Structures are given as C-alpha cells and as structure tokens.
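Student: Take a look at this one; I'll ask things after.
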C-alpha cells in the first residue's frame, strides 16, 4: 500500500493512492443515478408535452454536462489533489475565492448528506410501517453506520462503493429491461406521441432543461479523489467521460420506456412516473418495486457523498484555510476528523430540519462553483500555458464558453426564480468568509499556535 504527498505535508496529512478506474466509475454512477431519474421525467414532461422534444432535451442536457466533464477533467489531471472544485478555484484565483468555493461546496454536501439519509429512512418506513415514526433517529443511525464503514479505511469504503453501485445498476437495468419488454406487448395504445397540450414556451424549455441538468448532478464526483487514484491522468478521463456517456444512455432509455408506457397527459402530471409506469405494468405491486429500487439506490449515493464532503474539508484543513486537524488521516487512509465534523454537521441539520432549506440552495451553490471552476480553466490556460496537462479539454475554448454561459444562465435563473434561497446562500457564503477572517486574526494573535 503506497502513500502520496503532493504538498510536502507531514505523514498525518497524506492520503493513500489505492483507487482506480473501477472506483471512479462507481462513484460517478453511484452519485448520479438515483431518485432524480425516478421523479424528474414527469416534471420535464409537464413543461414540454412533446415526446420528441423531451428526448432531445435529455440528450442535450447530457451533452452539455459532457462538455463540462471535458473542462473539469483537464483541471483534475492538471492538479490531481483532493478537494474537487476548491482545488482548481484556489490555484486560479487564490485563497479567498478558493475558500469561498470550498466552504459552499462542503455545506452543499452536508445538506445533501442529511437529505439522502432522511430519504433512506422514509423509504424504509414505507416498506416497514413500524419504523415510519422514527425517520430522524434512523437517518442518524444510517450516518453513524457509514462513519463506521469509512473509518475502517478507504480500501473498504471504496469496495463498498463499487459493489453497492454494481447492485444498484443491476436493479435499475432489470427494471428498465422489464419495463421495455412488458410494454412491447401492450400494443401501440400506450405509446405517447406529441399529443395536443399546452403550447411549448421558452420558459418551459428552460425550466425542463434546468431539471434535467440537475438530474445529471453527481457526475463530477471522481474529481474529488484524484489524489487517491493510482493513475489519475489515465483513469480520470475514462471515468468522467465513459461513466457520463453510460448515464446519458440510461437516462434516454428510461425516458423512452416511460413515454411508451404512460400516455403523455399521465406522464405530465405524475410526481413519481416510474411508480406510475410500474403500476400500469404489474399493478399495485409496482409501487413497492419502485420503493425498493429507490432504497437500493441510496446507500452508494450516501457513501459517495460522505467520502466527497470529507475530502473537501480535508483539503481546506491541509491548506490552513480551516482547522488544520481536519487534514488528519487515520491508519486506513480516511480523513477521520474531517469525516466526523462533516457527519456532525449533517446530523445537526437533520435534527433541526434546516437541511431542507440548505438543499434548496444546493443547486445555486453548485452552479456558481461549477462556473468558477470553468473560469479557472480559462484563467490557467492563459496564465500557465506550459503547465503539464495530461488531458486537454475537447473543443476548447468553445466547450468552456458554452458551459460558462449555461452555468451563468442557471445562476441568474436561480436569483430571479428563487431569490430568497439564492440570497440566503450568499449570506451563508458571507458568514464563512467572516468566520475565516476572524479565525485568521485569532491565529495571528500573540501566544496562539498557527493553523
């Protein structure tokens, strides 16, 4: 088992280079395919009401995401360090912008950690009614269980990610295949052509595209583990691009199945179209099948989110932009202190219910940080033209320009359409910056140790 140290830090801050392509694919697929694809198709159909346009936008949203993966893969292979968006923002724009990106990215992962653990509890409660009244305690138990899993070391947690994602993919593909086969025998009566409905509008197209892009969220996960990859220059492009192409293919096929099984009006008003489609095919048991599928989808997602959030805090601590003890790594290669802090914050959010508000801000944080990261690519191309780049973004500069324009449009849309949460997100950023300034001032005071 080898160790790496890209920054000259003491051994306590070193991660272990033991991950490979299999983990990269597992963490991307495990973080991306989940409850979103079970719910979002109904929302998208409600805005569009045209089968062809629905499929075109699912492909278009995937291709837009793929352009982003080209840009971020260049950054990831250029600076293979733990921390994801934060690392590239700091290299391009300095400590202040780097901290802002890292702080908000970490908060977003803490919020989603609470959201996903609550989701696991609710789905389990739906299957076992006796547990339905203990959602928050069960969510806390789930989180503690994953802390125990990851405390054993990155080798164990990465294997769990790979096997759990494989099981999840098998379950989703089985349901998809069964749906396509069963619907093929239902005749053309269930087909969903472009039926008369509300007129297509630009606002509807934009709203649908936003929902689709959010459903692709999670594809960036391999970026956070490049420091632990045995060969990031080779494995990261394969994981980011190959994994995302697989997700795009699955999402398109899943929508084809729904469009074949459900009439367009039913799909357009459905809040859980996967369950409605299953009910059409196999009756009341269909909803139970989708509930089980939802539950199966969450453990690899929860594991990936905890691992990712932990790496952000680890990177901030190692660079002395957060408490330096957050960079401590245990004998198994897990940033233990960072993981405990991340979990404690997630549990506090669950206990108070404030994770719901934070989840509403998550898309705003992600869009801003995504935009900053792509701007970092442009800045580093200009400032460091001769830096080693094992992978160069395909289609640059047009690929970067399209992604930046799309991210900016998403941010503007959030400010206009969800002004309250967007401004609250800006407030949380300000709190982080003020807290960091006070922390630095106290650390510089006479008699105070650095870091």
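The values are calculated or read from the model by the stated rules, or taken from the named source; none is laboratory data. The shown structure was predicted, so the numbers you read here are calculated from the model rather than taken from an experiment. Every residue, glycine among them, receives a Cβ derived from its backbone with ideal geometry; neighbour counts consider all protein chains shown.
Student: Going through region 33-55 one residue at a time, which ones are in a loop (DSSP other than H, G, I, E, B) and either more than 30 Å from residue 314 (Cβ to Cβ) or over 17 Å from the mean Cα position of the chain (by Cα) (or both)?
Tutor: Once the filter is applied, which keeps residues that are in a loop (DSSP other than H, G, I, E, B) and either more than 30 Å from residue 314 (Cβ to Cβ) or over 17 Å from the mean Cα position of the chain (by Cα) (or both), region 33-55 yields 49, 50.
Student: Still on this structure, please answer the following. All but one of (1) at pLDDT below 90; (2) over 22 Å from residue 108 (Cα atoms) hold for residue 294; which doesn't?
Tutor: Among (1) at pLDDT below 90; (2) over 22 Å from residue 108 (Cα atoms), residue 294 violates only (2).
Student: Look through 407, 379 and report the one residue that is in a helix (DSSP H, G or I), surrounded by fewer than 17 Cβ atoms within 10 Å (Cβ to Cβ) and either touching a helix residue (DSSP H, G or I) at 6+ places or on another chain (Cβ under 9 Å) or at pLDDT below 90 (or both).
Tutor: Just one listed residue meets the conditions, 379.
Student: Taking the stated definitions as given, is residue 271 in contact (Cβ under 8 Å) with a residue 12 or more places away in the chain and part of a helix (DSSP H, G or I)?
Tutor: Here the answer is no, as residue 271 does not meet what is asked.
Student: Of these, 164, 132, 184, 148, which one is surrounded by fewer than 21 Cβ atoms within 10 Å (Cβ to Cβ) and either at pLDDT 95 or above or within 29 Å of residue 328 (Cβ to Cβ) (or both)?
Tutor: On the way: 164 fails: surrounded by fewer than 21 Cβ atoms within 10 Å (Cβ to Cβ); 132 fails: either at pLDDT 95 or above or within 29 Å of residue 328 (Cβ to Cβ) (or both); 184 fails: either at pLDDT 95 or above or within 29 Å of residue 328 (Cβ to Cβ) (or both).
Answer to the selection: 148.
Student: Looking at residue 329 and the list (1) surrounded by 19 or more Cβ atoms within 10 Å (Cβ to Cβ); (2) part of a helix (DSSP H, G or I), which single condition is not satisfied?
Tutor: (2)
Student: For residue 346, indicate whether it is touching a helix residue (DSSP H, G or I) at 6+ places or on another chain (Cβ under 8 Å), surrounded by fewer than 22 Cβ atoms within 10 Å (Cβ to Cβ) and under 30 Å from residue 141 (Cα atoms).
Tutor: No; evaluated as a whole, the condition is false for this residue.
Student: Looking at 54, 118, 33, can you tell me which residue is surrounded by fewer than 24 Cβ atoms within 10 Å (Cβ to Cβ) and on the phi < 0 side of the Ramachandran plot?
Tutor: Numbers: 54 fails: surrounded by fewer than 24 Cβ atoms within 10 Å (Cβ to Cβ); 33 fails: surrounded by fewer than 24 Cβ atoms within 10 Å (Cβ to Cβ).
Unique residue meeting the criteria: 118.
Student: Return the only residue of 301, 313, 245 being crowded, with 24+ Cβ neighbours inside 10 Å, at pLDDT 95 or above, under 17 Å from the mean Cα position of the chain (by Cα) and over 30 Å from residue 199 (Cβ atoms).
Tutor: 313
Student: Given the criteria assigned to a helix (DSSP H, G or I), modelled with pLDDT under 95 and under 28 Å from residue 344 (Cβ atoms), does residue 139 qualify? If you could, list the steps in order and put the result at the bottom.
Tutor: Values: assigned to a helix (DSSP H, G or I): yes; modelled with pLDDT under 95: yes; under 28 Å from residue 344 (Cβ atoms): yes.
It is true that residue 139 is assigned to a helix (DSSP H, G or I), modelled with pLDDT under 95 and under 28 Å from residue 344 (Cβ atoms).
Student: Does residue 74 meet the test of being surrounded by fewer than 24 Cβ atoms within 10 Å (Cβ to Cβ) and either under 25 Å from residue 231 (Cα atoms) or free of Cβ contacts under 8 Å to residues at least 60 places away in the same chain (or both)? Walk me through it before giving the result.
Tutor: Details: surrounded by fewer than 24 Cβ atoms within 10 Å (Cβ to Cβ): no; either under 25 Å from residue 231 (Cα atoms) or free of Cβ contacts under 8 Å to residues at least 60 places away in the same chain (or both): yes.
When the stated conditions are applied, residue 74 does not pass them.
Student: Every residue in region 115-129 that is modelled with pLDDT of 90 or more and either assigned to a loop (DSSP other than H, G, I, E, B) or farther than 30 Å from residue 332 by Cβ (or both), please.
Tutor: Listed by number, the list is empty, since nothing qualifies.
Student: Considering only region 273-293, state which residues are surrounded by fewer than 23 Cβ atoms within 10 Å (Cβ to Cβ) and in contact with a helix residue (DSSP H, G or I) (Cβ under 6 Å, 6 or more places away or on another chain).
Tutor: Narrowing region 273-293 to residues surrounded by fewer than 23 Cβ atoms within 10 Å (Cβ to Cβ): 275-276, 279-293.
Those that are surrounded by fewer than 23 Cβ atoms within 10 Å (Cβ to Cβ) and in contact with a helix residue (DSSP H, G or I) (Cβ under 6 Å, 6 or more places away or on another chain): 275, 279, 280, 281, 286, 287, 289, 290, 291, 293.
Student: Going residue by residue through region 56-71, is there one that turns out to be outside any helix (DSSP H, G or I) and under 18 Å from residue 274 (Cα atoms)? Break it down stepwise before answering.
Tutor: Taking region 56-71 first, the residues outside any helix (DSSP H, G or I) are none.
No, region 56-71 contains no residue that is outside any helix (DSSP H, G or I) and under 18 Å from residue 274 (Cα atoms).
Student: In the set 447, 417, which member is modelled with pLDDT under 80, exposed (fewer than 14 other Cβ atoms within 10 Å of the Cβ) and under 24 Å from the mean Cα position of the chain (by Cα)?
Tutor: Step by step, each of 447, 417 is checked, and only 417 is modelled with pLDDT under 80, exposed (fewer than 14 other Cβ atoms within 10 Å of the Cβ) and under 24 Å from the mean Cα position of the chain (by Cα).
Student: Only one residue in 286, 242 is on the phi < 0 side of the Ramachandran plot and touching a residue at least 60 places away in the same chain (Cβ under 8 Å), so which one is that? Spell out how you get there, then give the answer.
Tutor: Details: 286 fails: touching a residue at least 60 places away in the same chain (Cβ under 8 Å).
Exactly one residue qualifies, and that residue is 242.
Student: Would you say residue 112 is more than 15 Å from the chain's Cα centre (by Cα), closer than 25 Å to residue 357 by Cα and assigned to a helix (DSSP H, G or I)?
Tutor: no
Student: What pairs come out if I take residues in region 121-141 that are farther than 14 Å from residue 299 by Cα and pair them with residues that are loosely packed, with under 15 Cβ neighbours inside 10 Å whose C-beta lies under 6 Å away, six or more apart or interchain?
Tutor: 125/132
For (1) farther than 29 Å from residue 89 by Cα; (2) in contact with a strand residue (DSSP E or B) (Cβ under 7 Å, 6 or more places away or on another chain); (3) not in a helix (DSSP H, G or I), each residue gets a yes or a no:
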| position | (1), (2), (3) |
| --- | --- |
| 218 | no, no, yes |
| 241 | no, no, no |
| 252 | yes, no, no |
| 288 | yes, no, no |
| 296 | yes, no, no |
